[in-house]
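Here the structure is laid out as C-alpha cells; the discussion comes afterwards.
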Amino acid sequence: MKKNSITTLNQFISDQQSHFPFVQGSLSRIFRDLQLGAKMINRDVRQAGLIDILGDFGNTNVQGEEQKKLDVISNEVFIKLLEMSGDCVCILSEESEDIHWCEGADNAKYILAMDPLDGSSNIDVNAPIGSIFSIYKRLSMDKPVTMEDVLQTGNQQVAAGYVIYGAATMFVYTTGSGVFGFTLDDSIQEFCMSHPNIKIPQNGNIFSVNEGNYTEFPIGYKSYIDWCKTSGDNKKIYSARYIGSLIADFHRNLLKGGIYLYPPTNKAPNGKLRLLYECNPMAFLIEQAGGKATNGNIRIMDIQPTELHQRTPLIIGSENMVSLMHEML
Ligand code: AHG
Ligand code: MN
Ligand code: MN
C-alpha cells in the first residue's frame, strides 16, 4: 500500500472482484450489507447507555441463554438487510431457532451463518463485543436447498469474518487469500484498510481461558494451563488474558500471538462455543493468518456438522502453541 493512501473496504472488494470476472457481485453485495449492519450496530453500541438498549430482552434463545436487547436488535438488523438484497437463500443465526429462509431469494446462491452479537455478557459493562459471519455457497443451483447445503464443513466456507466494537470498530475478514483488517473512520463512516495481510506470530505469551472452570477441565487442558503458569517457553511464564468475548480475546491473540481455549466441562461436555456461528469462521481466519484451530482431536474445519446449533470445544491461536496443547491432550 502506498504511504498516505486510503483504501476503503468497498474499494478493496471491488478491486479484488475485478480479478475474478466470474464473480457476479453477489458476494460483494453481502459484504456491503454486513458493513452497513455493522455501522448501524456500532451506532447503537456507542449510544448504548443513552438509549434504552442495555439489559435483558426478557427471553431466552434456543440454547437456553438469556437474550440481551442488543442480541435481538443485531439479529434483526442483519437479517433485514441481507433479505432485502436477496443474495442469501437462507440465514442461520445463533439467535434464531430455525433456518431463516429469505423471501423471494430461492435462486440465491449463498448461505450465511452468524453470531450477530458475540460477548453478550459484556454489553452492559462497556467491554468489547462483536459480530461474526461465515458464508457458504449452496451445493447445487439445480435443486432446492437441503440440510446438506446448510450443514457443510468449515472447509467449504467461501468467506468469514468479524466486526469488533472496541475502542475502535474494525471489520476483519478472509475470502481464502489472507486476512485483512479495516478500521471504521468515524468521521467519514467508512471502513479503511489498517491491517493488510495479518499474520499471527507462531508463538505468543498469552493464554486465554475461563479458569473459573479449571476443576472441571479434562487433564490435558489442566496440564497445559499449569505449564503456561510454571514453565512456558524457556521458563518465560505466560500472561493470562480473558475478556469473555471470543471476538475480543481472538482479536488480541491474532495480533500479538497467543492461544484461546474453551474446553469441555461437566456442564458443557462439548464446550460452549458454536461450530457454525463461532468456531468455523474463527478457524478459517486463524488458518489464513498462519495459525491453527482444533477441537482437541481434529481440525475444527474438518468437523462434519450434524445440527445447526452444535457446540464444540475450541483450541485456537498461534501454530506452535496449539500444536503443543494438542500433544498434551
Ligand atoms: P455469546 O455472547 O454469543 O453467547 O457468546 C459468548 C461466548 C464467547 O463470546 C465467550 O468467549 C464465551 O462465551 C465466554 O464464556 P464464559 O463466560 O463461560 O467464559
Ligand atoms: Mn458468541
Ligand atoms: Mn451471540
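The values are calculated or read from the model by the stated rules, or taken from the named source; none is laboratory data. None of the values given here were measured: they were computed from a predicted structure. As a convention, Cβ positions derive from the backbone with ideal geometry for all residues, glycine included, and neighbour counts pool all protein chains shown. Protein only, heavy atoms only, side chains kept; ligands, DNA and RNA dropped before computing areas. Shrake-Rupley method; radii C 1.70, N 1.55, O 1.52, S 1.80 Å.
Just give me the residues in region 120-145 being under 20 Å from the mean Cα position of the chain (by Cα) and modelled with pLDDT of 95 or more, in sequence order. Once the filter is applied, which keeps residues that are under 20 Å from the mean Cα position of the chain (by Cα) and modelled with pLDDT of 95 or more, region 120-145 yields Pro128, Ile129, Gly130, Ser131, Ile132, Phe133, Ser134, Ile135, Tyr136, Lys137. Going by what's in this entry, would Tyr262 be described as more than 30 Å from Met170 (Cα to Cα), surrounded by 18 or more Cβ atoms within 10 Å (Cβ to Cβ) and outside the structural domain of Asp115 (by TED's automatic domain parsing)? Considered against the rule, which asks whether it is more than 30 Å from Met170 (Cα to Cα), surrounded by 18 or more Cβ atoms within 10 Å (Cβ to Cβ) and outside the structural domain of Asp115 (by TED's automatic domain parsing), Tyr262 comes out as no.
The set of residues in region 80-96 being out of contact with any Cys (no Cβ under 8 Å at 6 or more places or on another chain) and open to solvent by less than 40 Å² (accessible area, probe 1.4 Å) consists of Leu81, Ser85, Asp87, Leu92, Ser93, Glu94, Glu95, Ser96. Scanning for something within 16 Å of ligand 3 (Cβ to nearest atom), touching a residue at least 40 places away in the same chain (Cβ under 8 Å) and part of a helix (DSSP H, G or I), does region 252-269 turn up at least one residue? No - not one qualifying residue is present in region 252-269. Restricting the search to region 97-124, which residues are open to solvent by 20 Å² or more (accessible area, probe 1.4 Å) and within 16 Å of ligand 3 (Cβ to nearest atom)? Selection gives Glu97, His100, Ser120, Ser121, Asp124.
When region 128-139 is examined, which residues are found to be open to solvent by less than 30 Å² (accessible area, probe 1.4 Å), more than 10 Å from ligand 3 (Cβ to nearest atom) and not basic (Lys, Arg)? First the steps, then the outcome.
Here is the first cut: in region 128-139, the ones open to solvent by less than 30 Å² (accessible area, probe 1.4 Å) are 129-136, 138.
This time we only want the ones that are more than 10 Å from ligand 3 (Cβ to nearest atom), so: 133-136, 138.
Matches in region 128-139: Phe133, Ser134, Ile135, Tyr136.
Checking each residue in region 43-66 for being crowded, with 18+ Cβ neighbours inside 10 Å and either touching a Ser or Thr at 6+ places or on another chain (Cβ under 7 Å) or not aliphatic (A, V, I, L, M) (or both) picks out only Asn61.
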